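Here's the structure, in structure tokens; my notes come after.
The values are calculated or read from the model by the stated rules, or taken from the named source; none is laboratory data. This one's a predicted model, so the numbers in the text were calculated from it and none came from an experiment. As a convention, Cβ positions derive from the backbone with ideal geometry for all residues, glycine included, and neighbour counts pool all protein chains shown.
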Amino acid sequence: MKIDLENNSSYECNDSKLISLADFSLNKLGIHPDSELAIRLVDENEMEQLHLKWMDLPGPTDVMSFPMDEMKPHTAANGPGVIGDIVLCPAFAEKNGKQSLAEELELLTVHGVLHLWDLIMKMLMMKLKCLDCKMNF
């Protein structure tokens, strides 16, 4: 994968670890190895602007994903494409406080990859359907 990481935040991060996690995740999803992804780390002000512009929600968030070429998992045979952008906000992620910032950014990187295909929403919907089935019996 061609993965570019740009850190515009004031936080230090392990660029190679985040790139490696994104690469691993994309390979497991069956994305062509010559496809392109951008990861940006931004401050809370920039994330808040993106959150408001694209989601119409006030305030910053920890991760946002912007798919580009409408690629689908397990389509490597179709050739490479521009996957999209993942934007991380370390300052906001640090407030989650459940683990170290490095671990949180790693989790959010994979989370962002899954968001590129709405896979998180699909998994949640499957869980809800399963719960609904159990409640009806």
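Which one of Glu12, Glu6 is of a type in the set (D, E, K, R), touching a strand residue (DSSP E or B) at 6+ places or on another chain (Cβ under 7 Å) and either in a strand (DSSP E or B) or exposed (fewer than 13 other Cβ atoms within 10 Å of the Cβ) (or both)? Full working, then the answer.
Details: Glu12 fails: touching a strand residue (DSSP E or B) at 6+ places or on another chain (Cβ under 7 Å).
Exactly one residue qualifies, and that residue is Glu6.
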Leading residue by the ranking (nearest to Met1 (Cα to Cα)) among those in region 80-134 that are modelled with pLDDT under 90 and of a type in the set (D, E, K, R):
Asp118
What are the residues in region 28-45 that are among the basic types (Lys, Arg) and out of contact with any strand residue (DSSP E or B) (no Cβ under 6 Å at 6 or more places or on another chain), if any?
Lys28
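For region 74-93, name all the residues that are part of a loop (DSSP other than H, G, I, E, B) and surrounded by fewer than 14 Cβ atoms within 10 Å (Cβ to Cβ). Even if it seems obvious, please write down each step before you answer.
Pass one, region 74-93, residues part of a loop (DSSP other than H, G, I, E, B): 74-75, 79-81, 89.
Result: His74, Gly79.
Going by the structure shown, is Lys17 free of Cβ contacts under 8 Å to residues at least 24 places away in the same chain, out of contact with any Pro (no Cβ under 9 Å at 6 or more places or on another chain) and outside any loop (DSSP other than H, G, I, E, B)? Explain how you work it out, then say what you get.
Numbers: free of Cβ contacts under 8 Å to residues at least 24 places away in the same chain: no; out of contact with any Pro (no Cβ under 9 Å at 6 or more places or on another chain): yes; outside any loop (DSSP other than H, G, I, E, B): yes.
Spelling it out, it is not the case that Lys17 is free of Cβ contacts under 8 Å to residues at least 24 places away in the same chain, out of contact with any Pro (no Cβ under 9 Å at 6 or more places or on another chain) and outside any loop (DSSP other than H, G, I, E, B).
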Quick check, is Asn45 under 16 Å from the mean Cα position of the chain (by Cα), surrounded by fewer than 17 Cβ atoms within 10 Å (Cβ to Cβ), of a type in the set (S, T, N, Q) and part of a helix (DSSP H, G or I)?
no
Flag if Met71 is surrounded by 16 or more Cβ atoms within 10 Å (Cβ to Cβ), of a type in the set (A, V, I, L, M, F, W, C) and part of a loop (DSSP other than H, G, I, E, B)
yes
